[in-house]
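Engineer: This is the structure I want to talk about, given as structure tokens.
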Amino acid sequence: MEQNTETEPQKVPHSKRNLSQGLKSLAVLFVLGSASAVAGLFMVDSTGQPTHGTADAATPLPLAVTLLSARDMAQPKILEHESGTLKPRETLTELVVSLGANHQDANSALQTLYLGDLLDARRLRPGLKAETYLDGDRLTALSIRAEADRSLLITRDQDGTWEATALNARLTPSYKRIAASINTSIYETARSLGAGDQQVVDFANAFAYDVDFQREIHPGDKFEIVYETYVDERGNAVKTGNVVFASLDGQALSRDFYRFTPSDDQTPDYYDSKGESATKFLMKTPINGARLSSSFGTRRHPISGYTRQHKGTDFAAPTGTPIFAAGNGVVVRANRYGSFGNYVKIKHANGYETAYAHLSRFGKGIRAGTRVRQGDVIAYVGTTGASTGPHLHYEVHIKGVAVNAMALKLPTGRKLAESPAILEEFAEKKAEIDHIRAESGAEFNQALLVSATTHQP
């Protein structure tokens with residue numbers, strides 16, 4: 001499971017400069033990284049209530065200047081401009097006040113966003129950027145960078161009402177390829193080449209059914225990732241997207257996967273070069289970042305001291321580590337169960353069942369009768385029941401008989417060859433991705449250790 005890696009951002013120094021009222025809107029547009037005309041920005045309904053709208057960031061700049069500045073020209077004033085970023089445990093209102101606005105203006109301007117469902121106050125993250133335009137301590141305009149490709153602009157009309165719009169940048173898709181030999185871990189190597197956490201997670205998910213990343217990845221193994229990036233109108237990369245190609249060439253496995261969305265079910269998945277899904281009936285391990293502490297088979301029990309059959313696999317991990325449903329199914333048990341402590345059992349198709357024991361707590365909504373999908377969080381690691389420390393005891397049963405989950409040959413997911421028309425679609429997508437890879441030198445050679453290139457279609 002992805003860990004929270006947020007750290008307190010460095011505070012952006014407040015910047016001050018003087019602006020004429022007539023140039024205010026132009027400055028705001030550039031601050032937002034947009035050359036937009038916001039035709040619907042200055043609208044007030046018959047009740048005098050704040051109005052909201054959205055604007056495409058691709059409208060020509062001269063029109064934008066005309067629309068945004070028309071009313072300002074009559075009353076030229078000198079405005080102060082300040083900017084800053086949201087700190088941990090700081091409210092957005094507190095940030096806006098720290099940027100020079102009085103508390104009443106800050107609160108009323110932000111309420112326009114909240115009431116218009118343009119911003120969710122519960123989902124604000126440290127690092128969010130805000131910019132104020134001030135006449136003394138009177139707030140005239142406020143811009144907020146809500147997301148990499150979306151900014152919010154709030155302005156005060158002459159009658160004191162607030163108007164808000166979302167400015168959506170027009171982004172151009174491109175692709176970035178990274179390839180490397182692993183020295184420490186795939187995560188550290190991929191991150192050092194510019195990939196984000198999500199790209200590493202996507203890569204791991206593609207191979208989650210075939211590779212145990214804790215024990216089957218070795219120094220010298222090679223990997224390759226091609227993922228989406230999006231650039232704004234100035235050519236700046238503003239966000240990343242899905243991994244479209246994932247390759248691993250290692251001691252445990254050598255395999256390539258392509259991201260593809262079949263037209264019939266519209267469900268994206270990763271497929272090998274033959275069109276066989278990476279998805280298996282069950283995940284090999286229903287937990288991330290854990291250490292295998294006890295294998296399936298005969299062992300001496302650590303508490304009773306008796307030698308007996310250990311019918312599952314134990315994964316040591318910190319208390320609270322999320323545990324996933326190994327496959328689609330129905331929860332048949334979620335309660336306290338003797339020496340197993342807190343316990344979940346899931347019934348899958350074809351006579352398969354999986355069991356999860358010693359849990360600290362259950363996932364949200366997990367109870368007998370709950371339908372779950374593969375990868376859903378069903379519980380969290382604990383040490384309840386007969387346990388010597390926090391770990392997951394994981395069992396797989398086939399028609400009531402416990403089997404070794406680590407050695408199990410699991411049924412595969414979809415095979416596109418069964419649908420010739422869909423297989424042809426996949427072949428076209430595969431050729432497109434291979435073309436991107438070829439342009440950046442897709443083949444490894446003896447001298448290649450690291451490669452990082454960007455391709456724009």
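The values are calculated or read from the model by the stated rules, or taken from the named source; none is laboratory data. The model shown is predicted, which means the values in this text are computed figures rather than measured ones. Glycine gets a Cβ as well: all are built from the backbone with ideal geometry, and neighbour counts include every protein chain shown.
Engineer: State which residue pairs qualify: first residue within 14 Å of residue 321 (Cα to Cα) and inside the stretch 350-379, second residue aromatic (Phe, Trp, Tyr) and not in a strand (DSSP E or B) in any location, beta carbons under 7 Å apart, and separation of 6 or more residues or different chains.
Structural biologist: If the second residue must be aromatic (Phe, Trp, Tyr) and not in a strand (DSSP E or B), the pairs left are 357/340; 358/340.
A quick yes/no check of all residues on (1) among the hydroxyl-bearing types (Ser, Thr, Tyr); (2) within 16 Å of residue 84 (Cβ to Cβ); (3) touching a residue at least 40 places away in the same chain (Cβ under 8 Å):
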| position | (1), (2), (3) |
| --- | --- |
| 113 | no, no, yes |
| 119 | no, no, no |
| 123 | no, no, no |
| 129 | no, yes, yes |
| 137 | no, yes, no |
| 141 | no, yes, yes |
| 145 | no, yes, yes |
| 164 | no, no, yes |
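Engineer: Give the number of residues within the stretch 160-196 that are within 18 Å of residue 245 (Cα to Cα), of a type in the set (Ser, Thr, Tyr) and outside any helix (DSSP H, G or I).
Structural biologist: Of the residues in that region, 3 qualify.
Engineer: Further question on the same structure: Quick one: in the stretch 250-267, which of the residues that are closer than 19 Å to residue 430 by Cα and crowded, with 16+ Cβ neighbours inside 10 Å is farthest from the chain's Cα centre (by Cα)?
Structural biologist: 255
Engineer: Check whether at least one residue in the stretch 211-218 is surrounded by fewer than 16 Cβ atoms within 10 Å (Cβ to Cβ) and free of Cβ contacts under 8 Å to residues at least 40 places away in the same chain, and report yes or no.
Structural biologist: yes
Engineer: Moving on to the next point. Sort out which residues of the stretch 408-456 are at pLDDT below 60 and assigned to a loop (DSSP other than H, G, I, E, B), and write them in order of number.
Structural biologist: Correct list: 442, 443, 444, 445, 446, 447, 448, 449, 456.
Engineer: In this structure, is residue 133 in a strand (DSSP E or B), buried (at least 16 other Cβ atoms within 10 Å of the Cβ), at negative phi and aromatic (Phe, Trp, Tyr)?
Structural biologist: Criteria met by residue 133.
Engineer: Please work out which one of (1) in a strand (DSSP E or B); (2) touching a residue at least 60 places away in the same chain (Cβ under 8 Å) is the condition residue 389 fails and give its number.
Structural biologist: All conditions are met except number (1).
Engineer: Within the stretch 80-110, work out how many residues are touching a Pro at 6+ places or on another chain (Cβ under 6 Å) and either loosely packed, with under 14 Cβ neighbours inside 10 Å or assigned to a helix (DSSP H, G or I) (or both).
Structural biologist: Looking only at that region, the number is 1.
Engineer: Regarding the stretch 209-222, can at least one residue be identified that is outside the structural domain of residue 316 (by TED's automatic domain parsing), at pLDDT 80 or above and not in a loop (DSSP other than H, G, I, E, B)?
Structural biologist: Yes, the stretch 209-222 contains a residue that is outside the structural domain of residue 316 (by TED's automatic domain parsing), at pLDDT 80 or above and not in a loop (DSSP other than H, G, I, E, B).
Engineer: Continuing with the same structure: Is there a residue being hydroxyl-bearing (Ser, Thr, Tyr), in the same structural domain as residue 430 (by TED's automatic domain parsing), under 26 Å from residue 147 (Cα atoms) and surrounded by fewer than 16 Cβ atoms within 10 Å (Cβ to Cβ) anywhere in the stretch 231-245?
Structural biologist: no
Engineer: Residue check, residue 199 against (1) free of Cβ contacts under 8 Å to residues at least 40 places away in the same chain; (2) part of a helix (DSSP H, G or I), all met but one. Which one?
Structural biologist: Of the numbered conditions (1) free of Cβ contacts under 8 Å to residues at least 40 places away in the same chain; (2) part of a helix (DSSP H, G or I), the odd one out for residue 199 is (1).
To keep it simple, each residue is scored yes or no on (1) of a type outside the set (D, E, K, R); (2) within 27 Å of residue 235 (Cβ to Cβ).
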position	(1), (2)
95	yes, no
98	yes, no
129	no, yes
145	no, yes
165	yes, yes
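Engineer: Just the residues that are in a helix (DSSP H, G or I) and either of a type in the set (D, E, K, R) or more than 26 Å from the chain's Cα centre (by Cα) (or both), please, taken from the stretch 111-126.
Structural biologist: Within the stretch 111-126, 111, 112, 115, 122, 123 meet the criteria.
Engineer: Here is a further query. So which residues in the stretch 205-222 are within 21 Å of the chain's Cα centre (by Cα) and over 20 Å from residue 407 (Cβ atoms), if there are any at all?
Structural biologist: Listed by number, the residues that qualify are 205, 206.
Engineer: Out of 401, 381, 377, report the one residue that is out of contact with any Phe, Trp or Tyr (no Cβ under 9 Å at 6 or more places or on another chain) and either modelled with pLDDT of 85 or more or over 22 Å from residue 311 (Cβ atoms) (or both).
Structural biologist: 401
Engineer: Just to be sure before I move on: is residue 132 hydroxyl-bearing (Ser, Thr, Tyr), under 15 Å from residue 94 (Cα atoms) and out of contact with any Phe, Trp or Tyr (no Cβ under 9 Å at 6 or more places or on another chain) in the structure I sent?
Structural biologist: Considered against the rule, which asks whether it is hydroxyl-bearing (Ser, Thr, Tyr), under 15 Å from residue 94 (Cα atoms) and out of contact with any Phe, Trp or Tyr (no Cβ under 9 Å at 6 or more places or on another chain), residue 132 comes out as yes.
Engineer: Yes or no: the stretch 257-275 includes at least one residue that is of a type in the set (Asp, Glu), assigned by TED's automatic domain parsing to the domain that holds residue 435, in contact with a Phe, Trp or Tyr (Cβ under 9 Å, 6 or more places away or on another chain) and in a loop (DSSP other than H, G, I, E, B).
Structural biologist: Looking for residues that are of a type in the set (Asp, Glu), assigned by TED's automatic domain parsing to the domain that holds residue 435, in contact with a Phe, Trp or Tyr (Cβ under 9 Å, 6 or more places away or on another chain) and in a loop (DSSP other than H, G, I, E, B), one finds at least one in the stretch 257-275, hence yes.
Engineer: Moving on. Of these, 191, 170, 177, which one is under 19 Å from residue 235 (Cα atoms), among the charged types (D, E, K, R) and surrounded by fewer than 21 Cβ atoms within 10 Å (Cβ to Cβ)?
Structural biologist: After ruling out the rest, the residue left standing is 170.
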